[in-house]
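The values are calculated or read from the model by the stated rules, or taken from the named source; none is laboratory data. It should be emphasised that the depicted structure is a prediction, and the values quoted were computed from it without experimental measurement. Methodologically, a virtual Cβ is constructed for each residue, glycine included, from the backbone with ideal geometry; neighbour enumeration extends over all protein chains shown. Keep in mind that these areas ignore ligands, DNA and RNA; they rest on the heavy atoms of the full protein, side chains included. Shrake-Rupley method; radii C 1.70, N 1.55, O 1.52, S 1.80 Å.
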Amino acid sequence: MTNKNIDNKYADYAVKLKIDCKNCSGLCCVSLYCTKTDGFPSNKEAGTPCVYLDSDYGCNIHAKLSEKNYKGCLAYDCFGAGQRTTQLCLSKGSWKTNPKQADMIFQTFMTVFQMHQMLWYLVEAYYLTADKRLKSTIDELIIENNQIIEKLPDHGSKIDLSEYRLKVNTVLKQICNTISQNTSSNNHSGMTYLGKNFKKANLDGKDFSMSLMIAANFTGCSLKKTNFLGADIRDANLKDTDLSESIFLTQMQINSANGNNNTKLPGSLCHPASWI
Ligand code: SF4
Ligand code: SF4
């Protein structure tokens, strides 16, 4: 998502889609299924609080996550779904104060997560296209997204996201194709580049959406309009690399990769504490 455009219509989404753990009831630390192999402190069933979750919904070992190498906790980002769900369900209490509603709250959180993830991409897509018809379709999808979210606490079990998801994917596909200019040399979507050393290559305009790029080395590459939508870049080397004009990156992808103070990021993303 970029804030550089004159059209600031969706500028507030940079905040809405950022995690705000102080205003959340620790939803990720309770509702998610976690495994040691994914970098969490221990195997944990969905719906069971992590042993390190404190009584104020904070993490007892937050300052030590990096030192203890809890990669799963360090990388996780809910796109602001945690605080949104906590607020949405406020009248029903929290999973702790009203255990009868816990399953509904957890299910709402999972769905808000998916909706906020789509919102994230839609807002970036809005700024990436100059096509007025596409912009207007994105406007409608963003309105619909918020309408669906508002209904979730009371009607979540009856809401089917598949039709909405299809409409979002269609718009994103159009935008990705326009950026990669539909050329086969730019299309690397869904490919596997495990540990690949890109050797300072010019990767401008390449489409790596949904690609497996674990531990790939991007140091010194040119990455203007390089599309990372849904790419798995865990442990990728982003040190001394300029990603400021790369597209469809998320905070969770950045948190899971290795960078440093010299890594340049798009304006809506932050340097993870573990890089510093
Ligand atoms: S769900 Fe999101 S806001 Fe809540 S504690 Fe987890 S990361 Fe923070
Ligand atoms: S260690 Fe902390 S951040 Fe990780 S799941 Fe437990 S409470 Fe949450």
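Inside the range 121-143, residues that are in contact with a helix residue (DSSP H, G or I) (Cβ under 8 Å, 6 or more places away or on another chain), of a type outside the set (Lys, Arg) and surrounded by 15 or more Cβ atoms within 10 Å (Cβ to Cβ) make up a count of 12. The residue that is farthest from residue 119 (Cα to Cα), among those in the range 45-99 that are touching an Asp or Glu at 6+ places or on another chain (Cβ under 8 Å) and not in a helix (DSSP H, G or I), is 60.
If only residues of the range 86-103 that are within 16 Å of ligand 2 (Cβ to nearest atom) and within 14 Å of residue 23 (Cβ to Cβ) are counted, the one that is surrounded by the most Cβ atoms within 10 Å (Cβ to Cβ) is 86. If you filter the range 47-58 down to residues that are in contact with a strand residue (DSSP E or B) (Cβ under 9 Å, 6 or more places away or on another chain) and open to solvent by 60 Å² or more (accessible area, probe 1.4 Å), you find that the one that is nearest to ligand 2 (Cβ to nearest atom) is 52. Just one residue in the set 63, 46, 81, 14 is touching a helix residue (DSSP H, G or I) at 6+ places or on another chain (Cβ under 9 Å), at pLDDT below 95 and either within 16 Å of ligand 1 (Cβ to nearest atom) or not assigned by TED's automatic domain parsing to the domain that holds residue 273 (or both); that residue is 14. Go through the residues of the range 179-191 one by one and say whether even a single one is over 30 Å from residue 131 (Cβ atoms) and touching a residue at least 12 places away in the same chain (Cβ under 8 Å). No, the range 179-191 has no match at all.
Do we have any residue at all in the range 148-157 that's surrounded by fewer than 19 Cβ atoms within 10 Å (Cβ to Cβ) and outside any helix (DSSP H, G or I)? The answer is no; no qualifying residue exists.
Within the range 60-81, the set of residues being open to solvent by 90 Å² or more (accessible area, probe 1.4 Å), free of Cβ contacts under 8 Å to residues at least 24 places away in the same chain and within 11 Å of ligand 2 (Cβ to nearest atom) comprises 60, 62, 63, 64.
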